[in-house]
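Below is one structure; the comments refer to it alone.
All of the numbers you see were taken from the coordinates with simple rules; none came from a lab. Being a predicted model, the structure only gives us computed values, none of them experimental. Quick reminder, even Gly has a Cβ in these numbers, built from the backbone with ideal geometry, and neighbours come from all protein chains shown.
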Amino acid sequence: MTKDRSSGDPSGIDRSRRHVLKAATAIAAVTLAPGWQLIAAAEAKAPGEPVTDKNRWGILVDTTKMDKATCDVAVDACNSEHGLTKSGHPGQDPQWIRRLDIRDPQTGAAHSLPMMCQHCQYPPCADVCPTGASFRRIDGIVLVDKHICIGCRYCMLACPYKARSFAYRDIEDPKPHSPRGRGTVQSCTMCVHRVDVGGIPACVEACNDVAPGSMIFGDLKDPESEIAKRVSEVVVKRVRADLGTDPGVLYLGV
Amino acid sequence: MNRVVFREVEGRSGSYYALLGGIAVVLLAGLGAAFYIELHGQYVTGMSNQVPWGIPHVFAIFLIVAASGALNVASVGSVFGRIIYKPMARLSGLLAFALMAGGLAILVLDLGRPDRLIVAMTHYNFKSVFVWNINFYMVFFAVIAAYLWAMMDWRLDRYAKPIGFFAFVWRLALTTCTGWVFGLIVARQAWDAAVMAPMFIIMSFAYGTAFFILVLLAAYGWTGRPLGDAVVRRLKNLLAIFVCAALYFTAVQHLTNAYATEHHGVTRFILFEGGVYTAVFWLGQVLLGAVFPLFLLWYPAMAGSRQAIGFACLFVLLGGLSQMYVTIVGGLAYPLILFPGMEVSSSFLDGQVASYVPSLAEILLGIGGIAIAMFMVALVVKFLRVLPLSLADEVADPHHRNPAAKSEEGAEDVAQTPQAA
């Protein structure tokens, strides 16, 4: 090998390689540039562009602006967005988001709030997942990789928020943007398919239509974002803060 | 003490084949149940999003814990140098191997996607206590296999002790991890406790020893090989100590929770208000699973009765299944505390005790795991020299003195060991 290399004309080979690389770079630049510009204009992430830890996506739920009906709007929007249907067996049906009615037994004060995956900074579900199927994206969204989920359901035991469901049945009418499969675990994706193209989660969108300001979605790390400004003004509640999971879903008024 | 001779069981009799056939039927029923669940989807089980682990996990984890404990007899022989246990070390190792295989088979067949076993073997999240367990199980198989080999091949005899020592440490670590499967789950009121790991270890001693005695009594009873009282008496006493220790740990667990106001809810649930779980705890785990076996083992009128010991073992195993049921299903049925001090309700059954009614398929799958273990043992003793030809006192007991010598020493010694005459 060494002999062959030294006996050839290395300078000639290098030059031709350089030409090829230059040409390839030029073609790539010409082809990709308009696409990048378009995406930048839409303020969204390009397909294939990795997420970064410059963002931490979160949701602030203002329960003072929410009633049972508003919560139900959020639940319906989620079910419709992700094609979650009922089978007649409530215990086995998936619920990515649910209306939680809470009441203080000492004072009688009551609230309703939407409860879903809290997209923890330190998610117990991802800690215990044997294959790494449950994982936290670097921008804070906790997901299940349906391709490597073996359906052991250990994450469901570990989640302090009861946020996960198991697909007990075949999925009827699956949505392409919301991959699910029988025998695997599923939960709120914070509508990652929307977020990655600059949108907001379906529940937030639906709630704000009926009760503006009841759910605020945004980047907790962007000081100029509405959510970051709001959480810097008011004391928010993190559900089971004692567990130190540091949820990305925050509550106001409970 | 005479030389211990190991010999395969003949295994040509009709009753041997009937035994194998009977076990095979249960085994196939278990596999059929797993196939049925896989074919239709897990909705045919009694499990739900509230109780995602049910009867199959109860059996699986019970067998895995028992597997670790079944190695006791070998450990006491190899590690602690008790000569009387050494002839039984091979059976102890084989049973540990088989119980582990049975437990893991259930665990795999109960996966939502058992076809993705290869994924579980190639994608590891090393922060997962489940992965720690998987690795402990795999090495456990290898260590037990090496241990058995070293014990059976005289050329490797000198390695038996160090391997036995390693196996002893390894299975303590293994059962610590199995206890951590629950002990590390901070979300669950019933589980989040350091005591889970040592409690699982002590329970493994009890369940494993009970399994071992049962298999030993069956094997020697059915083959007609002599089994002396010295061996049985020691195992019986060992079992009684382990059952007491398991009871102690259970008491410590609940008394600790009963002290802290935060845990009053779950303690009241398990001990008083949990319906089926309370019943299974007091009746299954405590009364039938511990107190009654202790009575059978210790009541003077029955002391030494093989039948009483056999029944005691069966009840200890029943207690083990009860304990796993209360721990796993009871722990899941008790609602998560999302807002401490508040009443919560939802369409997802928040704030409610979840109901779980196991399906027949789940029960068959669980029992099928035991059948896998028993089938392995029954088959292997026919092909490998696992069982000594005799475990009579004069063979097994290093302190045995022949009756003639005893009668020379005086009538008192003979009276103390009338069975030796």
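Model label sites at B:ARG268 and A:LYS146, defined 7 Å from Cα along the beta-carbon direction, differ in position by 4.3 nm.
Mean per-residue shielding of peptide A:127-136 is 6, counting Cβ atoms of other chains within 10 Å of each Cβ.
For segment B:86-235, a simple Cβ point-charge model (Lys and Arg +1, Asp and Glu -1, everything else neutral) yields a dipole of about 300 debye relative to the Cα centre.
Here the contact order of chain B, divided by its residue count and restricted to Cα pairs under 8 Å and six or more residues apart, works out to 32 percent. Ordering B:LEU19, B:HIS400, A:ALA163 by the projection of their Cα atoms onto the charge dipole of the protein assembly as shown, which places +1 on the Cβ of Lys and Arg and -1 on the Cβ of Asp and Glu, puts B:HIS400 at the extreme positive end. The mean number of Cβ atoms from other chains found within 10 Å of a Cβ in peptide A:141-150 is 3, as a whole number. Computing FRET efficiency as 1/(1 + (r/R0)^6) for B:MET121 and A:THR85, where r is the C-beta to C-beta distance and R0 is 30 Å, gives about 0.30. Computed from the C-alpha gyration tensor, the three semi-axes of the ellipsoid equivalent to the protein assembly as shown are 56, 34, 21 Å, from longest to shortest. Shielding of peptide A:176-182 by partners, expressed as the average count of other chain Cβ atoms within 10 Å per residue Cβ, is 1. In terms of its C-alpha gyration tensor, chain B comes out prolate, because a/c is 1.5 or above and the ratio a/b outweighs b/c.
Springs between Cα atoms under 10 Å define the GNM used for chain B, and in it the highest mean-square fluctuation of B:LEU111, B:LEU296, B:LEU71 occurs at B:LEU111. Partner aspartates and glutamates whose Cα lies under 18 Å from the Cα of B:LYS236, excluding those fewer than 8 positions away in the same chain, are identified as B:ASP393, B:ASP397. By the rule of a C-alpha distance below 24 Å, with chain neighbours fewer than 8 residues away ignored, the lysines paired with A:LYS86 are A:LYS68, A:LYS146, A:LYS162, A:LYS175. Note that segment A:45-95 carries a Kirkwood radius of 14.3 Å, evaluated over its alpha carbons pair by pair. Label separation (B:ARG401 vs A:ASP173): 8.8 nm, computed from points 7 Å beyond Cα along the C-beta direction. Assuming R0 = 45 Å, what is the FRET efficiency of B:VAL139 and B:GLU394, from their Cβ-Cβ distance, to the nearest 0.05? That pair, B:VAL139 with B:GLU394, gives E of 0.70. When only Cα pairs below 8 angstrom with a gap of at least 6 residues are kept, segment A:57-252 shows a relative contact order of 30 percent. Summing charges over all other residues whose Cβ lies under 10 Å from the Cβ of A:LYS162, with Lys and Arg as +1 and Asp and Glu as -1, gives +1.
Other residues lying with their Cβ under 15 Å from the Cβ of B:CYS313 contribute a combined charge of +4, Lys and Arg counting +1, Asp and Glu -1. The magnitude of the dipole of segment B:278-406, with charges of +1 and -1 set on the Cβ of Lys/Arg and Asp/Glu and taken from the Cα centre, is near 600 debye. Using helices alone, I'd like the mean residue ellipticity at 222 nm for chain B: each DSSP H run of four-plus residues gives -39500 (n - 2.57), total over residue count, nearest 500. Roughly -20500 deg cm²/dmol at 222 nm, from the helical runs in chain B. Taken along the Cα-to-beta-carbon direction at a fixed 7 Å, the label points for A:ALA241 and B:ARG82 span 5.4 nm.
Sorting B:ILE337, B:ILE372 from the fewest to the most surrounding beta carbons within 10 angstrom yields B:ILE337, B:ILE372.
For the pair B:ALA279 and B:MET302, the difference between a 0.36 nm per residue extended length and the Cα-Cα distance amounts to 5.5 nm.
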